[in-house]
1. Residues of the stretch 215-241 being in contact with a strand residue (DSSP E or B) (Cβ under 6 Å, 6 or more places away or on another chain) and of a type in the set (Val, Ile, Thr), which ones?
2. Here's a check for you: in the stretch 67-100, which residue that is small (Gly, Ala, Ser) and not in a loop (DSSP other than H, G, I, E, B) is farthest from TYR53 (Cα to Cα)?
3. Hey, could you check the stretch 15-32 for residues that are over 28 Å from THR122 (Cα atoms) and part of a loop (DSSP other than H, G, I, E, B) and say which is most open to solvent (accessible area, probe 1.4 Å)?
4. For the stretch 212-242, enumerate the residues that are of a type in the set (Lys, Arg) and in a loop (DSSP other than H, G, I, E, B).
5. Within the stretch 130-142, can one find any residue that is within 30 Å of the chain's Cα centre (by Cα) and assigned to a loop (DSSP other than H, G, I, E, B)?
6. Quick check, is ALA89 closer than 30 Å to ASP19 by Cβ and among the small types (Gly, Ala, Ser)?
Amino acid sequence: MSKLNKRVAINTQIYWLEDVLNPSWTTFSGSATSAVTGNIPVATGTGAYFTPYDLVKVPSTGEIMLILDNSANGISAVRGYGSTAAASAADAADMVIIGSAFEEGSSSTALESRGTQTTTATNYLQIFRKSVEITKTMANVELYGGSDRPYQRKKKGVELMRDLERSFLFGEPYQDTGGKSTVSHARRITGGINNFATSNRTDASGALTESEFEGWLRTAFRYGSTTKYLFCAPLIMSVISLWAQGKLQMFPKDKTYGIAITQYTSPHGTINIVKELMLENAGGVSSTSYYGGYAFAIDLPEIEYRYLQNRDVQMETEIQHPGDDFYKDQYICEVGMEFHNAQKHGLLYGVTS
């Protein structure tokens, strides 16, 4: 997590824009005979995908149609616009835009523009704190293991990073201004990967097979880069190693974010497998229920670590009250995660063996 791209934020709520290409696929909404040319019903709202003179293919019949006009829920077209004759299409039959075809000398007025609108996504920055308290007596006692104060600081630093990583995995975005608890000031929770990765989710419901894994990778690699990172529970890493030894290759740490990575080569792309010890249950890494059977396929450049200006992880020392006979130090930060385009990521869960 600490190796993610980092960017400063100037507010406690962060926003970013997401967009997709104009869709190419939709379905008939009701059957259409070969004679129907006007008001051909399509799935609700998908008529906006089309522009005049688009060529639309119906895979189930092989027919190509030339679009003449469209509405929100329907299209008008010349049927059988090619060597394949017009044919009746069943309800919910697929259709795909394969391009456009304009006549010679066509005017620019014949060209209509259809585009998608960007959507705004949002998340909150969360305040994390970990404190160390040690009496001034203990601070001046010579211990066999060395001074206790720096040791406790180091341990709390590890615990803070563990908290950040779990929040980046499992958090849900929320701002509490008194609706669910009594607070004097707002309390915010940052959303994590499990919240934002809403696409390409597969429930293994038991044993994970190689064919099932490959099928899930096919959906996870549909969009985004051809190299993704698989942060997986130890159980899933063991399962993959049993049936994919010939496809696994270890990479040195100094070339891969400083962590141990096993690379799996798939026809759909390259997946870098990272053992994620935060994907566990109360039973430890051997437990197979809940998070012990999880794996996240992440397009890592599409995630950013955001921190409020001047509020990235820092240590504040001696924050105790004057006159207190102890030292109190704390780690404090106000950070969150920016997660782009759920279609570029994936979640595999429910693996038990």
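1. Once the filter is applied, which keeps residues that are in contact with a strand residue (DSSP E or B) (Cβ under 6 Å, 6 or more places away or on another chain) and of a type in the set (Val, Ile, Thr), the stretch 215-241 yields THR226, THR227, ILE236.
2. ALA89
3. Per the stated criteria, the residue is SER31.
4. Step one: list which residues in the stretch 212-242 are of a type in the set (Lys, Arg), which gives 218, 222, 228.
Across the stretch 212-242, the qualifying residue is only ARG222.
5. Scanning the stretch 130-142 turns up no residue that is within 30 Å of the chain's Cα centre (by Cα) and assigned to a loop (DSSP other than H, G, I, E, B).
6. Answer is no for this residue.
The values are calculated or read from the model by the stated rules, or taken from the named source; none is laboratory data. In this text, all values refer to a predicted model and were calculated from it rather than measured experimentally. Backbone-built Cβ (ideal geometry, glycine too); neighbour counts: all protein chains shown. SASA here: full protein model, heavy atoms, side chains in, ligands and nucleic acids out. Shrake-Rupley method; radii C 1.70, N 1.55, O 1.52, S 1.80 Å.
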